[in-house]
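The values are calculated or read from the model by the stated rules, or taken from the named source; none is laboratory data. Values in this document were obtained by computation on a predicted structure and should not be read as measured data. No Cβ is skipped: glycine too gets one built from the backbone with ideal geometry, and neighbour counts run over all protein chains shown. For accessibility, only protein heavy atoms count, side chains too; no ligands or nucleic acids. Shrake-Rupley method; radii C 1.70, N 1.55, O 1.52, S 1.80 Å.
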Amino acid sequence: MRTANAPRAGETHSGIQGGTRGGTRGSTRSSTRTSTPSGFDSSGDVRVLVVDDEAPLSELLCMALRYEGWQTRSAGDGATAVRTARDFRPDAVVLDVMLPDMDGLSVLRRVREYLPDVPVLFLTARDAVEDRIAGLTAGGDDYVTKPFSLEEVVARLRGLIRRTGGRGQVARPDSELTVGDLRLDEDSHEVWRGEDEVRLTATEFELLRFLMRNPKRVLSKAQILDRVWNYDFGGQANVVELYISYLRKKIDAGRTPMIHTRRGAGYLIKPGG
């Protein structure tokens, strides 16, 4: 397992890949804004909390995010992160797994006690598949391994904030998806099964949205990984099975099942009954 101090080719101080750390304000802004997804305005009052015990890295991340027009706060340890999250109420959190007083997974659990829907991007030097899965199954929404580019972090945060209906989201009249008695609003990020509202995490929501956009169509684990997590897990796709089980507990429990498994092929959603 790679330690925090083990560099890769092209790595500069604090785990930032070469070619991004030395950029000017203009170059950073241009490189991150050009890929802004349709329908998402990265400006406005978006708030991001950066948690890392390496001060130079934290400062660089906050600088890149401020270039996006976002508000930022930083914390160098878990206890400060929990207090700051409670006061700052961020729209997203960049969270290092290795902190001096507690691990990032413990910070995540404590923050989620009062911010249950805030998306979390894990930041770590650990790149083993099992570490990625551990972070995601603990409730994280995405994962970036050091060394990384500032542009990659900004892009992933845009995606997470877009999933959770963060500030700057453009309302659309056709934002509701319906399959049987299951309804999902892509703008408000509200989900109902019949008359009951269903609370989902950002990743659970994105998985359900992908299924509902493709009703009665079998989606393979590879397709789901590519669409929901945007990268490969080295063939260990059990994270998909885990999140499907989470959805079933929230969507299907005590009701006619809507989420189905096609052994050897994948998963699909269709009206109950």
Tell me, please, whether a residue that is more than 15 Å from Val118 (Cα to Cα), touching a residue at least 40 places away in the same chain (Cβ under 8 Å) and either out of contact with any strand residue (DSSP E or B) (no Cβ under 8 Å at 6 or more places or on another chain) or open to solvent by less than 10 Å² (accessible area, probe 1.4 Å) (or both) can be found in region 66-78.
-> yes
Among (1) surrounded by fewer than 17 Cβ atoms within 10 Å (Cβ to Cβ); (2) among the small types (Gly, Ala, Ser); (3) modelled with pLDDT under 90 - the single one Ala202 does not satisfy = (1)
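Mind telling me which of the residues Arg193, Arg248, Arg172 ends up being modelled with pLDDT of 90 or more and open to solvent by 70 Å² or more (accessible area, probe 1.4 Å)? Let's see the steps before the verdict.
Working: Arg193 fails: open to solvent by 70 Å² or more (accessible area, probe 1.4 Å); Arg172 fails: modelled with pLDDT of 90 or more.
Criteria check complete, one pass: Arg248.
Just checking, does region 16-34 include any residue being modelled with pLDDT of 90 or more, in a loop (DSSP other than H, G, I, E, B) and not polar (S, T, N, Q)? First the steps, then the outcome.
Residues of region 16-34 that are modelled with pLDDT of 90 or more, as a first pass: none.
No: region 16-34 contains no residue that is modelled with pLDDT of 90 or more, in a loop (DSSP other than H, G, I, E, B) and not polar (S, T, N, Q).
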For region 226-243 the number of residues that are at pLDDT below 60 and either open to solvent by 80 Å² or more (accessible area, probe 1.4 Å) or polar (S, T, N, Q) (or both) is 2
When both residues are 6+ apart or on different chains and their Cβ atoms are under 6 Å apart, which pairs have a first residue that lies in region 240-253 and is closer than 16 Å to Leu225 by Cα, and a second that is at pLDDT below 95 and open to solvent by 40 Å² or more (accessible area, probe 1.4 Å)?
-> Val240/Lys221; Leu242/Thr137
Using beta carbons and a limit of 8 Å, which pairs, at least six apart or on different chains, have the first residue in region 190-208 and farther than 23 Å from Tyr143 by Cβ and the second one assigned to a loop (DSSP other than H, G, I, E, B) and open to solvent by less than 50 Å² (accessible area, probe 1.4 Å)?
-> Val191/Leu200
Result of the Cβ filter at 7 Å on region 81-108, keeping first residues that are within 13 Å of Tyr143 (Cα to Cα) and partners that are open to solvent by 20 Å² or more (accessible area, probe 1.4 Å) and charged (D, E, K, R), at least 6 apart or interchain, is Asp96/Asp53; Val97/Asp103; Val97/Arg126
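Only one residue in Ala125, Ala85, Ala92 is over 18 Å from Ala64 (Cα atoms), modelled with pLDDT of 90 or more and open to solvent by less than 10 Å² (accessible area, probe 1.4 Å). Which one?
Values: Ala125 fails: modelled with pLDDT of 90 or more; Ala92 fails: over 18 Å from Ala64 (Cα atoms).
Only one candidate passes the filter, namely Ala85.
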Return the pairs, sorted by first residue and then second, in which the second residue is among the basic types (Lys, Arg) and not in a strand (DSSP E or B), the first residue lies in region 44-61 and is more than 12 Å from Leu123 (Cα to Cα) and open to solvent by less than 10 Å² (accessible area, probe 1.4 Å), the beta carbons are less than 6 Å apart, and the residues are 6+ apart or on different chains.
-> Val46/Arg167
